[in-house]
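Engineer: Pasting in a structure now, in structure tokens, and then I'll have a few things to ask.
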């Protein structure tokens, strides 16, 4: 490893530690002075906690922009103004869900059940009103309660964002879709907003601990489709809606790859 590359990695490590220290310490610090009072005294503790989490992660990305100026964020107004919708996204990086929380003041999502077992963090997830993907929370009376809570959340202006692939794509191609989110949309009679996420994996790559602070990068979010199915129609099909959503993502991915071939990425020195 060259001396220059060694010092570049040291910079990556230093910035990574600052960002994750803020991320983790922020939860612990705010827990004592803001989260617990909000949980105890707010009329709707889940809403209050969602708002606080939104502010915390908005500050996290402000710090990211400051420390990693070579990474730019392009998030148009039509994405920021989404409300009362189920937001369906592709999934490239662990940054995806926290980026969406930083955009939407009122948000819920479905989280891998193992995260609910993490001390402190699991408490936050539960009290945000987030939903565990564990089987006990996705069947029977528990699932009905979750669906009714989501329906009320959407009616009050909040969003439910989901990654139907279930896990991060390692190569940018779509993994199989879980159709459960489209069943939720039907139960809640909710519109579907399809957001295409690009390049979060170039800033924080799956399987790596360090942020990539050296490369020029632009993280983009784009609203590629708005679906309002006739859920009560005789011809309604959950599979058909899922296939329609998937085809829009595949079309966008193919177009993005084509553009990347036609316009090679410049080399910065």
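Engineer: Could you list, ordered by first residue, the pairs with Cβ atoms under 6 Å in which the first is in the stretch 119-137 and under 23 Å from residue 105 (Cβ atoms) and the second is part of a helix (DSSP H, G or I) and modelled with pLDDT under 80, at least 6 apart or interchain?
Structural biologist: 131/146
Engineer: Determine which member of the set 93, 102, 84 is in a helix (DSSP H, G or I), surrounded by 15 or more Cβ atoms within 10 Å (Cβ to Cβ) and in contact with a helix residue (DSSP H, G or I) (Cβ under 9 Å, 6 or more places away or on another chain).
Structural biologist: Result: 102 is the single residue among 93, 102, 84 that is in a helix (DSSP H, G or I), surrounded by 15 or more Cβ atoms within 10 Å (Cβ to Cβ) and in contact with a helix residue (DSSP H, G or I) (Cβ under 9 Å, 6 or more places away or on another chain).
Engineer: Taking the stretch 193-220, which residues are farther than 30 Å from residue 154 by Cα and part of a strand (DSSP E or B)?
Structural biologist: Passing the criteria: 217, 218.
Engineer: For the stretch 105-133, enumerate the residues that are farther than 29 Å from residue 212 by Cα and assigned to a loop (DSSP other than H, G, I, E, B).
Structural biologist: 106, 129, 130, 133
One line per residue, one yes/no per condition, for (1) out of contact with any helix residue (DSSP H, G or I) (no Cβ under 9 Å at 6 or more places or on another chain); (2) farther than 29 Å from residue 178 by Cα; (3) exposed (fewer than 14 other Cβ atoms within 10 Å of the Cβ); (4) in contact (Cβ under 8 Å) with a residue 40 or more places away in the chain:
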position: 5; (1), (2), (3), (4): yes, yes, yes, no
position: 35; (1), (2), (3), (4): no, yes, no, yes
position: 41; (1), (2), (3), (4): no, yes, yes, no
position: 53; (1), (2), (3), (4): no, no, no, yes
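Engineer: OK, next. Residues that are modelled with pLDDT of 95 or more and either over 18 Å from residue 94 (Cα atoms) or within 22 Å of the chain's Cα centre (by Cα) (or both): list the helices (runs of 4 or more DSSP H) wholly contained in the stretch 9-81 that include at least 2 such residues.
Structural biologist: Values: elements: 36-41, 45-67, 77-80.
Where helices (runs of 4 or more DSSP H) fall fully within the stretch 9-81 and carry at least 2 residues being modelled with pLDDT of 95 or more and either over 18 Å from residue 94 (Cα atoms) or within 22 Å of the chain's Cα centre (by Cα) (or both), they are 45-67, 77-80.
Engineer: Only residues in the stretch 73-94 that are on the phi > 0 side of the Ramachandran plot count as the first member; pair them with residues that are surrounded by fewer than 22 Cβ atoms within 10 Å (Cβ to Cβ) and assigned to a helix (DSSP H, G or I), Cβ under 8 angstrom, at least 6 apart or cross-chain, and list the lot.
Structural biologist: Filtered contacts from the stretch 73-94: 84/155.
Engineer: Hey, another quick one. What number of residues in the stretch 181-220 are in contact with a strand residue (DSSP E or B) (Cβ under 7 Å, 6 or more places away or on another chain) and either under 30 Å from residue 63 (Cα atoms) or without any contact (Cβ under 8 Å) to a residue 40 or more places away in the chain (or both)?
Structural biologist: So the count comes out to 14.
Engineer: I'm checking my understanding of the structure. Among residues of the stretch 143-158 that are surrounded by fewer than 20 Cβ atoms within 10 Å (Cβ to Cβ) and in contact with a helix residue (DSSP H, G or I) (Cβ under 6 Å, 6 or more places away or on another chain), which one is modelled with the highest pLDDT?
Structural biologist: 151
Engineer: Now for a different question. State all residues of the stretch 229-246 that are surrounded by 12 or more Cβ atoms within 10 Å (Cβ to Cβ) and either under 23 Å from residue 76 (Cβ atoms) or modelled with pLDDT under 90 (or both); if no residue qualifies, say none.
Structural biologist: The answer is 244, 245, 246.
Engineer: While we're looking at this one, here's another question. Condition first: closer than 30 Å to residue 11 by Cα and touching a residue at least 40 places away in the same chain (Cβ under 8 Å). Can you find one or more residues in the stretch 221-243 that meet it?
Structural biologist: Narrowing the stretch 221-243 to residues closer than 30 Å to residue 11 by Cα: 221.
Checking which are touching a residue at least 40 places away in the same chain (Cβ under 8 Å) leaves us with 221.
Among the residues of the stretch 221-243, at least one is closer than 30 Å to residue 11 by Cα and touching a residue at least 40 places away in the same chain (Cβ under 8 Å), which makes the answer yes.
The values are calculated or read from the model by the stated rules, or taken from the named source; none is laboratory data. What you are looking at is a predicted structure, and each value in this text was computed from that prediction instead of being measured. Cβ sites come from the backbone with ideal geometry, for glycine too, and all protein chains shown count toward neighbours.
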